[in-house]
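Here's the structure we're looking at; comments come further down.
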Amino acid sequence: MKVLIVGGGGREHAIAWKVSQSPKVDKIYCAPGNAGIAEVAECPSIGAMEFDKLADFAEENKIDLTIIGMDDPLVGGIVDVFEARGLRVFGPRKNAAIIEGSKAFSKDLMKKYNIPTAAYETFSDPAEAEKYLETSEYPIVLKADGLALGKGVLICNSFEEAKEGVKTLMLDKQFGSAGDRIVIEEFLTGREVSVLCFCDGTKIQTMTSAQDHKRAKDGDQGLNTGGMGTFSPSPFYTEEVDAFCKQYVYQPTMDAMKAEGRDFTGILFVGLILTPKGPRVLEYNARFGDPETQVVLPRMKNDIVDVFEACIDGKLETIDLQFEDNAAVCVILASDGYPEHYEKGFAIEGLDAFAGKEDSFVFHAGSKLADGKIVTNGGRVLGITALGKDLKDARAKAYAATEWVSFENKYMRHDIGKAIDEV
Ligand code: AMP
Ligand code: GLY
């Protein structure tokens with residue numbers, strides 16, 4: 001069969017790599033893709049938001065299955081466009097992707113259906129938000145309602161900071177219309193865990209757990225980023241936590257979406273925080289995590305195409321999801337200066353070292369081919385993933401492999417997965 005993947009980052013590289021292992025698949029396309037993805041897929045230069053062009057491409061090339069990797073096209077309704085043209089596509093429709101597209105929606109959903117989350121209020125008027133903040137307890141969390149590349153969340157330690165935050169989000173519109181509405185919520189403390197789930201509209205199955213490191217610098221300092229590295233499994237995601245979330249979070253979320261007439265088919269990413277009072281949902285995403293995918297899929301035993309098909313057909317119960325009893329660590333090699341200002345276009349050397357390796361992989365996040373050379377083309381450039389017998393082993397291997405590649409302004413955190421040493 002022929003598969004089209006929509007997106008062009010490390011997540012889509014990991015998806016394309018996993019799809020390439022399916023014996024059912026003869027040909028993979030990834031639009032727009034990147035220089036690394038081009039090793040396993042043909043990459044037509046169609047942007048992820050060009051829905052009609054993508055659907056034309058799928059029709060002309062007789063694509064059997066399209067997988068949407070990114071959030072923007074999902075929230076924008078790409079699945080509806082494909083379905084309207086009779087094309088087989090994996091991902092939530094627009095009315096379900098809103099679970100990621102609007103934080104106000106997801107918070108209201110959790111409140112209505114008693115899914116545990118931080119207490120919150122929603123505001124469209126900056127003056128009212130400010131008034132509320134005058135008598136709030138600090139720290140407090142401000143969130144832009146809409147999509148903001150994972151950066152629209154401000155943790156404020158005082159009223160002054162929060163007032164400034166309201167200005168940034170609602171008046172200066174740093175994240176555009178994403179800040180027309182904001183959610184102000186209780187600050188929670190605890191370990192964060194990401195759980196990616198396959199959903200078929202009615203049923204849900206969780207993948208193995210992962211943890212992301214969102215801050216730019218070692219010791220969780222610096223700005224929030226899309227993610228500087230991940231590890232899987234999370235030792236903090238215990239059987240007890242899993243049992244709690246099975247009862248109060250996963251299926252209840254599916255049932256809530258169904259009750260709202262928004263059946264969710266695709267990947268539900270549940271961002272949890274394990275507070276002293278128990279797990280709470282921090283956020284939902286309507287897609288695979290990036291870079292969570294780079295540690296979760298290398299550990300997955302199933303043919304992922306079978307799982308995608310079962311989700312689309314509403315037959316997830318026919319799948320016995322299985323993961324290796326090992327661990328994975330992914331260290332992001334970024335351009336120095338990310339997530340703010342950074343330069344691009346530097347040649348990447350040493351990629352050949354990964355050829356034929358069974359337990360070390362390089363997933364390209366931001367790279368492109370220029371004059372026959374692979375060059376840096378983004379803030380996050382590469383994800384170096386290694387498998388090991390346990391997290392310590394995987395971490396040592398991943399950091400060793402980060403030395404195999406070089407490019408100017410190469411930057412990484414040195415403590416990815418370090419929290420696990422404390423366990
Ligand atoms: P989100 O995009 O909602 O996951 O938020 C991004 C990051 O901000 C999370 O991964 C947390 O580290 C932090 N965060 C979000 N909400 C809260 C909260 N209520 N309490 C503490 N930290 C939070
Ligand atoms: N790594 C966090 C995300 O994909 O949203």
> Applying the selection to region 282-296, what residues are within 8 Å of ligand 2 (Cβ to nearest atom) and in contact with a Cys (Cβ under 8 Å, 6 or more places away or on another chain)?
Replying inline: Pro291
> Scanning for something out of contact with any helix residue (DSSP H, G or I) (no Cβ under 7 Å at 6 or more places or on another chain) and more than 25 Å from Phe105 (Cβ to Cβ), does region 198-208 turn up at least one residue?
Replying inline: no
> Just for region 191-228: of the residues that are of a type in the set (Gly, Ala, Ser) and more than 10 Å from ligand 2 (Cβ to nearest atom), which one is nearest to Phe264 (Cα to Cα)?
Replying inline: Gly201
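Let's see how each residue does on (1) within 16 Å of ligand 2 (Cβ to nearest atom); (2) modelled with pLDDT of 95 or more; (3) in contact with a strand residue (DSSP E or B) (Cβ under 8 Å, 6 or more places away or on another chain):
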| residue | (1), (2), (3) |
| --- | --- |
| Lys107 | no, yes, yes |
| Lys112 | no, yes, no |
| Pro126 | no, yes, no |
| Thr135 | no, no, no |
| Tyr138 | no, yes, yes |
| Leu147 | yes, no, no |
>> Residue under question is Gly266, and the condition is that it be within 27 Å of Lys103 (Cβ to Cβ), of a type in the set (Gly, Ala, Ser), touching a Cys at 6+ places or on another chain (Cβ under 8 Å) and touching a residue at least 40 places away in the same chain (Cβ under 8 Å); does it hold?
In response: yes
> With respect to Thr385, is the statement that it is touching a residue at least 40 places away in the same chain (Cβ under 8 Å), under 24 Å from Gly33 (Cα atoms), of a type in the set (Ser, Thr, Tyr) and out of contact with any Pro (no Cβ under 7 Å at 6 or more places or on another chain) true?
Replying inline: no
>> Quick check on my filter: what residues within region 2-55 are among the acidic types (Asp, Glu) and either assigned to a helix (DSSP H, G or I) or surrounded by 24 or more Cβ atoms within 10 Å (Cβ to Cβ) (or both)?
In response: Glu12, Glu39, Asp52
> Hey, which of the strands (runs of 3 or more DSSP E) in region 322-401, taking only ones fully inside, have at least 1 residues that are over 21 Å from Arg11 (Cβ atoms) and in contact with a helix residue (DSSP H, G or I) (Cβ under 7 Å, 6 or more places away or on another chain)?
Replying inline: 380-388
>> If I go through region 255-310 residue by residue, how many of them are among the aromatic types (Phe, Trp, Tyr) and within 14 Å of ligand 1 (Cβ to nearest atom)?
In response: 2
>> I'd like to know if region 212-235 contains one or more residues that are more than 16 Å from ligand 1 (Cβ to nearest atom) and either surrounded by 20 or more Cβ atoms within 10 Å (Cβ to Cβ) or of a type in the set (Phe, Trp, Tyr) (or both).
In response: yes
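The values are calculated or read from the model by the stated rules, or taken from the named source; none is laboratory data. Quick caveat, the model's predicted, so the values are computed rather than measured. Cβ sites come from the backbone with ideal geometry, for glycine too, and all protein chains shown count toward neighbours.
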